[in-house]
Amino acid sequence: MTGRVCGIYTAEVAAQEMMEGQECRLLANVGIEGDRYAKRIGRWSDRPKTEHQISFIELEVLHQIYDETGVVLTPRESRRNIITYGVRLNDFLGQTIRVGENALVYVEKLNHPCKYLERLIDKQVMTSLLGRSGLNCQVISGGIVRLGDRIERVL
Amino acid sequence: MAVRLLMKVSVDQIVDEGGGIRSFYFRPEDRSRFPPTSPGAHTLLRVTKGMMRQYSLCAAPGDRRYRLAIRLDPAGRGGSRFMHESARVGDVFYLSYPQPDFPLEPDRPSYSFFAGGVGITPILSFLYALQGQACRIRLCYFVRAGDAVPFEQEVRALCPQVEIFNSALNGRANFEGLLRGSQGDAIYCCGSARFVAGVQEAADALGTAAIQVESFVSGVKAGHLGEPFVVDLPRSRHILHVPSDRSMLDVLLEDGVDIDYACEAGVCRSCIVDVIEGEIIHRDQCLTEEERRTVMTPCVSRGRGRIVINSL
């Protein structure tokens, strides 16, 4: 099962509007260079967990939410780092996936949607995201990730 | 409700306004222009990590920058001190989108504004909004003894008939007497909690129709969540007051309590705390009846009277 990276987003501090990029650098066991969690100033950084290093969500989920509820949740508003296309992310739970040529991430848990996001973007999306809110992962091996890069399970 | 995302900004200009108040002008760093504001809107300024402060937006129309007026409070929690002592032109900060929770009712024939000290700032945005409109405007502006009158030139330009009261010259304010001259007006009041309470009390005594108020109470308005209660944290020896419009979680976080939390909806169990004593009004959707005897989720649940929490 292979998907593609179709969005890359980071924020310098907690609650900042996500900034869109063409590429990013993953740092082993740190996160994404310049991102709030790599800088340890993210929303949850007071209780650092490796699962906060990088997050993913499917573009298809954002489309489904619009189809089902009429709510436009943009990739930027989803506040996940990597937007994917063409892959079922939940199937990766507990596995290691390769992103781009070199970067490896371990899928620690399924993301749990929260009211915090709703409050930030002023959209009712928590219920819609339940069970398909993306992944929280640890960066095992660093590397550059670019738009269009492949995402696949490491066998 | 409004979008609460933060925008990256930098200090463009700092102006001393008198009375210990400085205006900080910000320009956007990663966007071409700011979202438009509405009269009475405020923004949340991220001073440093974990230190958010709420300030009215009061730039003149046509100025594409945001202006925040900050009064130095040496005995405060540190936000104003940091801005006055450390912030320099060019420094980067983060500001939230405008939060329009003190709106101006349009098209009224007459308005009365009561401003206490730096509470003039949302009133300034009202005055700008009403410029050129055929309505009667009354402004009662109260400043502290010995203070220069902050924004005096700007205020007089916007409202030449402003009535300025200096406590050194005028003594204790006679709000009732002043409000008698404002019957039928749309009345707005902004200032310290004590100032606003004084005006409100006078309005109640006179039977004045509802006045719109905003005071310098920290935190985020969230509507009426329940009755106020007290949280006793014996380990840290803190006693916290949870007002009716804030969650216990908000108050704990503001106090610096290192507490894990996530959903803020009583679902995820992240913020569970142990209750030693007191009656809890449980509103979660995750605890069993057995668990509810000894724990609670402060994101949604509340106490009655006084409760005692363990290990915080």
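The values are calculated or read from the model by the stated rules, or taken from the named source; none is laboratory data. Note that the coordinates shown come from a computational prediction; the quantities given were computed from them, not determined experimentally. Neighbour counts run over all protein chains shown; Cβ positions are idealised from the backbone, glycine included. These accessible areas exclude ligands, DNA and RNA; they are computed on the full protein's heavy atoms, side chains included. Shrake-Rupley method; radii C 1.70, N 1.55, O 1.52, S 1.80 Å.
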Where A:R40 falls short, out of the listed (1) in a loop (DSSP other than H, G, I, E, B); (2) under 15 Å from the mean Cα position of the chain (by Cα): (2)
Quick check on segment B:1-44: of everything there that is without any contact (Cβ under 8 Å) to a residue 24 or more places away in the chain and assigned to a loop (DSSP other than H, G, I, E, B), which residue is nearest to the other protein chains (Cβ to nearest Cβ)? B:M1
Against the condition within 13 Å of chain A (Cβ to nearest Cβ) and either within 27 Å of the chain's Cα centre (by Cα) or open to solvent by less than 20 Å² (accessible area, probe 1.4 Å) (or both), how does B:V300 come out, does it pass? yes
Is it the case, given these coordinates, that B:Y55 is more than 23 Å from A:E77 (Cα to Cα), without any contact (Cβ under 8 Å) to a residue 60 or more places away in the chain, open to solvent by 20 Å² or more (accessible area, probe 1.4 Å) and of a type in the set (F, W, Y)? no
Residue within segment A:89-107 that is under 19 Å from A:M19 (Cβ atoms), modelled with pLDDT of 95 or more and touching a Leu at 6+ places or on another chain (Cβ under 6 Å) present: no
If I filter segment B:239-253 for residues that are within 14 Å of another protein chain (Cβ to nearest Cβ) and assigned to a loop (DSSP other than H, G, I, E, B), do I get at least one hit? yes
Inspect all residues belonging to segment B:20-38 and state whether any of them is touching a Lys or Arg at 6+ places or on another chain (Cβ under 7 Å) and on the phi > 0 side of the Ramachandran plot. yes
